[in-house]
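The values are calculated or read from the model by the stated rules, or taken from the named source; none is laboratory data. For clarity, every value in this text was computed on a predicted model and none was experimentally measured. Every residue, glycine as well, gets a Cβ built from its backbone with ideal geometry; the counts of neighbours run over all protein chains shown.
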Amino acid sequence: MTEHLSWTPDLTARSGARYRAIADALAADIDAGRLPEGTRLPTHRALAQALEVTVGTVTRAYTEAERRGLVEATVGRGTFVRPHKATTADWMRPGSPPRNDPHSALSLEDCGAENVEPQGPIDLSVNYPARTFLAGALQPGLAGLDGDIGRLTALAGYQPSVGRPEHRAAGARWIAQFGLPAQADDIVPVHGTQGGLTAVLHALDRPGDALLVEELTWPGVHYIARQHGIRLITVASDAEGMRPDALAEAARRSGARTAYLVPTLHNPSNITMPDARRDALIETARAENLMLVEDDIYGFLAETPPAPLAARDPERAVYVTSLSKCVAPSLRIGFIKAPASLVPRIAQAVAADTLMVSALLLEIAMKLIDSGQAQAAARAQREEAAARQRIARRLLPLQEPAGADSSFHAWLQLPEGWRASSFTAEARAHGVAVTSGTAFRADGTDPGAVRLCLSAVPERAQLEQGLTIIADLLARRPEAAMPMV
């Protein structure tokens, strides 16, 4: 029996990838009111037959539409139009790419906000900290604000863009526990790691400059670079991270003055650079007159990480970290440790972007740090992450590098025949959301892997259910490998 189609897109004037054209047509019909809220879309197979495309193309189109917030898929029921809201391209303006750009339909994950509330049946696509501890981690800091009217009055007004001295000192104390001695004058408070990286790149690079990045790089950096007109140049990596010889060659070829890297529990590969590699990168930075931007957002998860790059040469590295992953995502507080010559420029960049960092949030962060509650929250997250890693390694054929025993995520290499995009779409069709490895490539090429965020779901039982589905998919022959007849 032929299915009656509730919607058939008009693709005659749309070029580019077919799945994106379908998603764009869907967005246009929703915006025009032709597809009201609650409309059930055709099944993947029925729409594929009507459009003479593969089922996988329709699956990718629906997944893309769900990423944009246009539709909602429920296993066993189908895909439905969600209540209308602005598309990502709307809220990215000014400076957003045009709709036919391959990066135009960005999710919050793409824009760096990995801490968005997970959506869907089993969402393993966002690097969310374990939620069991979030309320308890924040409560002591919130309680500490109660009753001191004079202090609250002082915090309620405008503040220096470089931050209050006591808050900067708290940041120095927090950073020192990761093997990086710091003084208050070295510290610039920021709104999270993304806010910190935005300020640092704004201070160090101009539009048209090149930024050197690892072959696999957190998508938020792609977004920040595009917004500032910075060119991304990828640098070859190996099992120990970014290669020093490749860094030197890329610096000479591009004229770049800045390189961004994640030395500890790299996102997504989970590589932790050994001491010798870190020393070699510092030597290369000196030889090529490079400033290294060191993102240490996951450093708290490592049991005994090597000393940061910034500890090896404080004049050649800017260190960025935050409390978002270890305490709570909504505590948008991070800290930059920079060479003295760069502190004023970074503070100016903070002022240009957000005027100042919330002194109320900084006060909460300071109280959590000084009471030991922030450190306790970090330990709890590390222990929970280790338990979830054990579940993942029991269920999946993971090949994780040394030192990744307590990482929030796993980097799953796919069997031959699977593409990251098709596996991501297939997993989503089975009720599990993962992050395609293509999101971490500046050029969008396929690394043949996906990232699994193990702490994203509230309960371990949900994680085990999702990973069991992933394991079942891995055991199947991918549709992409089947011959066309």
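Brief remarks on what is shown
- Any strands (runs of 3 or more DSSP E) falling wholly within the stretch 157-271 and containing at least 3 residues that are under 24 Å from the mean Cα position of the chain (by Cα) and over 21 Å from Arg332 (Cα atoms): 210-214, 231-235, 258-261
- For first residues located in the stretch 172-186 and free of Cβ contacts under 8 Å to residues at least 40 places away in the same chain, partners that are of a type in the set (D, E, K, R) and lie 6+ apart or on another chain with Cβ distances below 9 Å form the pairs Gln183/Arg168; Ala184/Glu166; Ala184/Arg168.
- Any hit, the stretch 456-476, residues being modelled with pLDDT under 95, within 21 Å of the chain's Cα centre (by Cα) and within 27 Å of Ala239 (Cβ to Cβ): yes
- Check on Trp418, under 21 Å from Leu216 (Cβ atoms), touching a Ser or Thr at 6+ places or on another chain (Cβ under 6 Å) and either surrounded by 24 or more Cβ atoms within 10 Å (Cβ to Cβ) or of a type outside the set (Asp, Glu) (or both): no
- Residue check, Asp353 part of a helix (DSSP H, G or I) and either crowded, with 16+ Cβ neighbours inside 10 Å or touching a residue at least 40 places away in the same chain (Cβ under 8 Å) (or both): yes
- For the stretch 324-350, the set of residues classified as touching a Gly at 6+ places or on another chain (Cβ under 9 Å), assigned to a loop (DSSP other than H, G, I, E, B) and either modelled with pLDDT of 95 or more or among the β-branched types (Val, Ile, Thr) (or both) consists of Val327, Ile333, listed by residue number.
- Of all residues in the stretch 1-40, those satisfying the criterion of being among the aliphatic types (A, V, I, L, M) and under 29 Å from the mean Cα position of the chain (by Cα) are Ala17, Ala21, Ile22, Ala23, Ala25, Leu26, Ala27, Ala28, Ile30.
- Any hit, the stretch 385-398, residues being modelled with pLDDT of 95 or more, surrounded by 16 or more Cβ atoms within 10 Å (Cβ to Cβ) and closer than 25 Å to Gly171 by Cα: yes
- Count of residues meeting criterion [under 18 Å from Glu383 (Cβ atoms) and either in contact with a strand residue (DSSP E or B) (Cβ under 7 Å, 6 or more places away or on another chain) or small (Gly, Ala, Ser) (or both)] in the stretch 296-319: 2
- Entry remark, the stretch 404-449: residues being farther than 16 Å from Pro478 by Cα, in a loop (DSSP other than H, G, I, E, B) and of a type in the set (A, V, I, L, M, F, W, C) number 4 in total.
- Any hit, the stretch 31-42, residues being hydroxyl-bearing (Ser, Thr, Tyr), farther than 18 Å from Ala427 by Cβ and out of contact with any Ser or Thr (no Cβ under 7 Å at 6 or more places or on another chain): no
- Against the list (1) surrounded by fewer than 15 Cβ atoms within 10 Å (Cβ to Cβ); (2) modelled with pLDDT of 75 or more; (3) out of contact with any Pro (no Cβ under 8 Å at 6 or more places or on another chain); (4) of a type outside the set (A, V, I, L, M, F, W, C), the condition Glu37 fails is (3).
- Cβ-Cβ contacts under 6 Å between residues 6 or more apart (or on different chains), taken from a first residue in the stretch 427-439 that is without any contact (Cβ under 8 Å) to a residue 40 or more places away in the chain and under 15 Å from Leu414 (Cβ atoms) to a second residue that is hydroxyl-bearing (Ser, Thr, Tyr) and surrounded by 24 or more Cβ atoms within 10 Å (Cβ to Cβ), are listed as Ser436/Thr424.
- Looking across the stretch 159-214, just one residue is buried (at least 21 other Cβ atoms within 10 Å of the Cβ) and among the basic types (Lys, Arg), and that is Arg168.
- Inspection of the stretch 369-377 identifies at least one residue that is acidic (Asp, Glu), surrounded by fewer than 19 Cβ atoms within 10 Å (Cβ to Cβ) and modelled with pLDDT under 95.
- Tabulated pairs, the stretch 202-214, first in contact (Cβ under 8 Å) with a residue 40 or more places away in the chain, second charged (D, E, K, R) and not in a strand (DSSP E or B), C-beta under 6 angstrom, 6+ apart or interchain: Ala203/Arg345
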